[in-house]
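The values are calculated or read from the model by the stated rules, or taken from the named source; none is laboratory data. Computed from a predicted structure; not experimentally measured. No Cβ is skipped: glycine too gets one built from the backbone with ideal geometry, and neighbour counts run over all protein chains shown.
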């Protein structure tokens, strides 16, 4: 497993430093709207394999997301690191612009799931969503309406961040893994606990791990919030969860 690439992505989110990695390209057909832009990585072993869509945080695409995709591919998943801002651009947290763009971002994620399912290397096997911060909020908002999504991993995010209520989002929700720090000052841990309670109340399955004295983007080397032990443990938990939940 290319754990280093996975651990470093958070640092890039915070610093914007360049990395030698692939850039997003248009992957979907010309008649698909909104289009799917991103970087695709495929395991070396024979397929078909389950799929994973990676959803960046509010800062949007950064080159090292390609390394994150490679880390998941090395772990056995056909992985698409999605640039869901490609057509719309980003938007400030809590802004009206974000809410206007949210439905388009959701549609982009659904199209990304359909794109993965249609690849011969996936061949309609199940797909998981792995979201970081805003990407986690987006994963939660779209999971129930994206056919084929059978697992969601929420890194330091939550629910109810878009145009639907949390109760609407979690109806018929797939199995969920929540990874959060109890010292998160950007997305307080209460978001994780509220999401867990909402999914459980609807009869869904939730696994949650709260890291003690750990802040936001805890897999960000060089940042004050970085925790190597939490970053390594979270990657291990994510891969194990996805292997179990996407095995069908």
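Only residues that are farther than 13 Å from residue 68 by Cα and either at pLDDT below 95 or outside any loop (DSSP other than H, G, I, E, B) (or both): list them for the stretch 38-53, please.
Correct list: 44, 45, 46, 47, 51.
In this structure, does residue 207 turn out to be in contact with a strand residue (DSSP E or B) (Cβ under 9 Å, 6 or more places away or on another chain) and either assigned to a loop (DSSP other than H, G, I, E, B) or modelled with pLDDT of 95 or more (or both)? Steps first, answer last, please.
Working: in contact with a strand residue (DSSP E or B) (Cβ under 9 Å, 6 or more places away or on another chain): yes; either assigned to a loop (DSSP other than H, G, I, E, B) or modelled with pLDDT of 95 or more (or both): yes.
Answer is yes for this residue.
Within the stretch 116-128, is even one residue more than 22 Å from residue 162 (Cα to Cα) and assigned to a helix (DSSP H, G or I)?
Checked the stretch 116-128: at least one residue is more than 22 Å from residue 162 (Cα to Cα) and assigned to a helix (DSSP H, G or I).
Output yes when any residue across the stretch 179-190 is without any contact (Cβ under 8 Å) to a residue 12 or more places away in the chain and more than 15 Å from the chain's Cα centre (by Cα), and no when none is.
Residues of the stretch 179-190 without any contact (Cβ under 8 Å) to a residue 12 or more places away in the chain: 188, 190.
Those left that are additionally more than 15 Å from the chain's Cα centre (by Cα): 188, 190.
Looking for residues that are without any contact (Cβ under 8 Å) to a residue 12 or more places away in the chain and more than 15 Å from the chain's Cα centre (by Cα), one finds at least one in the stretch 179-190, hence yes.
Can you pull out the residues in the stretch 9-37 that are touching a helix residue (DSSP H, G or I) at 6+ places or on another chain (Cβ under 7 Å) and modelled with pLDDT of 95 or more?
Those that are touching a helix residue (DSSP H, G or I) at 6+ places or on another chain (Cβ under 7 Å) and modelled with pLDDT of 95 or more: 27, 28, 32, 34, 36.
Hey, any hits in the stretch 101-112 for a residue that's surrounded by 24 or more Cβ atoms within 10 Å (Cβ to Cβ), touching a residue at least 60 places away in the same chain (Cβ under 8 Å) and part of a helix (DSSP H, G or I)?
yes
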